[in-house]
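The values are calculated or read from the model by the stated rules, or taken from the named source; none is laboratory data. The shown structure was predicted, so the numbers you read here are calculated from the model rather than taken from an experiment. Neighbour counts are summed over all protein chains in view; Cβ atoms, including those assigned to glycine, are modelled from backbone coordinates with ideal geometry. In case anyone asks, the SASA skips ligands and DNA or RNA and just uses the protein heavy atoms, side chains included. Shrake-Rupley method; radii C 1.70, N 1.55, O 1.52, S 1.80 Å.
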Amino acid sequence: IYWVMLLKQVQVIFLILQNLKKMYAERACKVRVYVYSAQGLAPRPNGSHPQPFLKVYNVPERVRTTRDTATAPGLDPDFYSSFELSALLPGQSRLHIEVWDYQLLSETLIGETIIDLEDRLFSKEWQSKQVDGVLPREIRALQNPGNVNNQGFLTCKIEIVERKFGIANPMIP
């Protein structure tokens, strides 16, 4: 009897390990980022309005930017920009959305928000909203490592789709 019980426990542990391996296996995904606007951006130290642009990435070597797209100086810019990034999840899970201030000879970080894509990928609630097509727009605080106060807020929406689905169903800008 002891050996039979031990064998059953080993079988259960083996099944659990197989399920964990499947659950946490790397998947090629497309991350679709829609950035609508920013609100209440911090002004420049001299009080003038920044000329904001975006940098979006989950791998630092693959930064996407709107730097070459003219955005009028202001504290409440409308970006209406979209980005599609490739990601291996779990793994490349830290999505950075940064708002920068463009000046003729320099760029200055206004603030950023970091989104953990794995939290979303493994959330049943988030997955069901994505399947139903009802992912909400999010309002996220912009943080700057050099300042303890919020540097404004960003309105965005994030989708994560399997790579094959993403190729078959192109992103709508």
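Which residue, Gln51, Gln143, Gln127, tops the fluctuation ranking in a GNM of the chain built on C-alpha contacts under 10 Å?
Gln127
Treating cross-link reach as a plain straight distance, find the aspartates and glutamates whose alpha-carbon is under 19 Å from the alpha-carbon of Lys157, omitting any fewer than eight places away in the same chain.
Output for Lys157: Asp76, Asp78, Glu84, Glu98, Glu112, Asp116, Glu118, Asp119, Glu125, Asp132, Glu138.
Given the -39500 (n - 2.57) contribution per DSSP H run of 4+ residues, what per-residue ellipticity at 222 nm results for the chain, rounded to the nearest 500 deg cm²/dmol?
Details: 4 runs with 42 residues, N = 173.
Value at 222 nm, helices only: -7000 deg cm²/dmol.
On a 1.4 Å probe surface of the protein chains, which of Lys124, Lys8 comes out largest in accessible area, and what is the full order?
Output order, biggest surface exposure first: Lys124, Lys8.
With Rg and the Kirkwood Rh both taken from Cα atoms, where does Rg over Rh land for segment 64-139?
We get a ratio of 1.03 for segment 64-139.
Amide H neighbours of Arg67 under 5 Å, at least 5 residues apart or on other chains, H built in the peptide plane: list them.
Leu54
Residue by residue, what Karplus-based ³J(HN,Hα) values in Hz, rounded to whole numbers, does segment 130-143 have, using 6.51, -1.76 and 1.60 with θ = phi - 60° and x for Gly and Pro?
Residue by residue, segment 130-143 yields 5, 4, 7, x, 10, 5, x, 6, 10, 10, 10, 6, 9, 10 Hz.
Can you tell me the Rg and the Dmax, both Å, for the Cα atoms in the chain?
Expressed in Å, the Cα Rg and Dmax of the chain come to 20.9, 81.
From the C-alpha coordinates alone, can you work out the Kirkwood hydrodynamic radius of segment 44-84, in Å?
11.6
If the chain between Thr65 and Asp78 were fully stretched, how many nm would it gain, using 0.36 nm times the residue separation less the Cα-Cα distance? Walk me through the numbers before you get to the answer.
On the way: separation 13, 0.36 × 13 = 4.68 nm, distance 1.49 nm.
Extra length from Thr65 to Asp78 when fully extended: 3.2 nm.
Would you mind checking the pairs Lys30/Lys129; Lys124/Lys164; Lys30/Lys164 and listing those with alpha carbons more than 19 angstrom apart? Could the numbers behind the result be given before it?
Values: Lys30/Lys129 17 Å; Lys124/Lys164 21 Å; Lys30/Lys164 9 Å.
Over 19 Å apart, Cα to Cα: Lys124/Lys164.
Which residue fluctuates most in the GNM of the chain (Cα springs below 10 Å): Val131, Val31, Val161?
Of Val131, Val31, Val161, the Gaussian network model singles out Val131 as fluctuating most.
Report the calculated FRET efficiency for Glu107 and Glu162 (r = Cβ-Cβ distance, R0 = 30 Å), to the nearest 0.05.
0.30
Looking at the chain, which longest stretch skips every one of the GluC sites (Glu not before Pro) that is in a DSSP loop with at most 12 other Cβ atoms within 10 Å, leaving the sites themselves out?
Maximal segment without exposed cleavage sites: 62-173.
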